[in-house]
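Before any comments, here is the structure.
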Amino acid sequence: MTARIEPSILAADFVNMQAALESIATADAVHVDVMDNHFVPNLTFGPQMVGRIQDTSPVPLDVHLMIDDPERWAPGYAELGAFSVTFHAEAARDAVALARRIRSIGSRVGIGLKPGTDAAPYLDLLPEFDQVLVMTVEPGFGGQSFMADTMPKLHALREAVDRHGLDVWLQVDGGIDDTTIAVAAEHGADTFVAGSSVFRGDPAERIAALRAAASAASHAHPGGAA
């Protein structure tokens, strides 16, 4: 497996956003956190800012909506041209209907699960999604510590994806560094969001190091990520 690395723009220098985006040109995508100060206690970007990132980014956008009422707002981010749009299971009224709408616009669709949200109700719905995001911190702020107790949920998702032969990416977000990325890869993750662990060093070097650590861990544990 070649691990997908998605730097979180939330950890970048907002004053020099274009330079920050150019510095992660070797990444697989840029992870853009949209927070509304309702679903989570923080406020970040809206459609206008995401549209400008879309216009200038050298890599595709993976938009992560930590917002209430995703039925109203999520399709608009797909219409901006985002490669992938993830909304949260806890906020959606009808996750399958919303997923189908996002896909019909042309974006990949992901469903996000908070640390305390059980994956079991979604295992039979996996074909409706292109990605499942397992939050490894409580959503809302960067710089939190990785929650290892989310790994059984990730492992259950990996088993279900592999058992049914699905092309569903399993993403982790929160506290991802050189050590925790290996733990997540061993339990089945193949797509990794990293913020401070990318932007606190040379981004290109950090992306390469994280990708290598995840790939090595997944090869060492073939029962993990595929």
>> Here is a check on your reading of the model: is ASP118 of a type in the set (D, E, K, R), free of Cβ contacts under 8 Å to residues at least 24 places away in the same chain and touching a helix residue (DSSP H, G or I) at 6+ places or on another chain (Cβ under 9 Å)?
In response: no
> Counting just the residues of region 54-66 that are surrounded by fewer than 21 Cβ atoms within 10 Å (Cβ to Cβ) and more than 14 Å from the chain's Cα centre (by Cα), which one comes out nearest to ALA209 (Cα to Cα)?
Replying inline: VAL59
> Which numbered condition trips up GLU205, out of (1) surrounded by fewer than 18 Cβ atoms within 10 Å (Cβ to Cβ); (2) touching a Gly at 6+ places or on another chain (Cβ under 8 Å)?
Replying inline: (2)
> Considering region 1-45 alone, what residues qualify as being surrounded by fewer than 21 Cβ atoms within 10 Å (Cβ to Cβ), closer than 19 Å to ASP190 by Cβ and either of a type in the set (A, V, I, L, M, F, W, C) or modelled with pLDDT under 95 (or both)?
Replying inline: MET1, THR2
> How many residues are in contact with a Gly (Cβ under 6 Å, 6 or more places away or on another chain) and under 18 Å from PRO41 (Cα atoms) when one looks only at region 66-119?
Replying inline: 1
>> Considering only residues that are under 20 Å from HIS219 (Cβ atoms) and among the β-branched types (Val, Ile, Thr), which ones fall in region 148-185?
In response: VAL161, VAL172, ILE176, THR179, THR180, ILE181, VAL183
> Can you name the residue in region 67-124 that is surrounded by fewer than 18 Cβ atoms within 10 Å (Cβ to Cβ) and touching a Ser or Thr at 6+ places or on another chain (Cβ under 7 Å) and, of all such residues, is nearest to ASP28 (Cα to Cα)?
Replying inline: PRO115
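Can you say whether ASP178 is under 22 Å from LEU126 (Cβ atoms), of a type outside the set (Ser, Thr, Tyr) and in contact (Cβ under 8 Å) with a residue 24 or more places away in the chain, as far as the supplied structure shows? Quick ask: steps written out before the conclusion?
On the way: under 22 Å from LEU126 (Cβ atoms): no; of a type outside the set (Ser, Thr, Tyr): yes; in contact (Cβ under 8 Å) with a residue 24 or more places away in the chain: yes.
For ASP178, the condition - under 22 Å from LEU126 (Cβ atoms), of a type outside the set (Ser, Thr, Tyr) and in contact (Cβ under 8 Å) with a residue 24 or more places away in the chain - is not met.
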> Which ones in region 200-226 are at pLDDT 95 or above and touching a strand residue (DSSP E or B) at 6+ places or on another chain (Cβ under 9 Å)?
Replying inline: PRO203, ARG206, ILE207, ALA208, LEU210, ARG211, ALA214
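The values are calculated or read from the model by the stated rules, or taken from the named source; none is laboratory data. On a predicted model such as this, the values are computed, not experimentally measured, just so you know. Every residue, glycine as well, gets a Cβ built from its backbone with ideal geometry; the counts of neighbours run over all protein chains shown.
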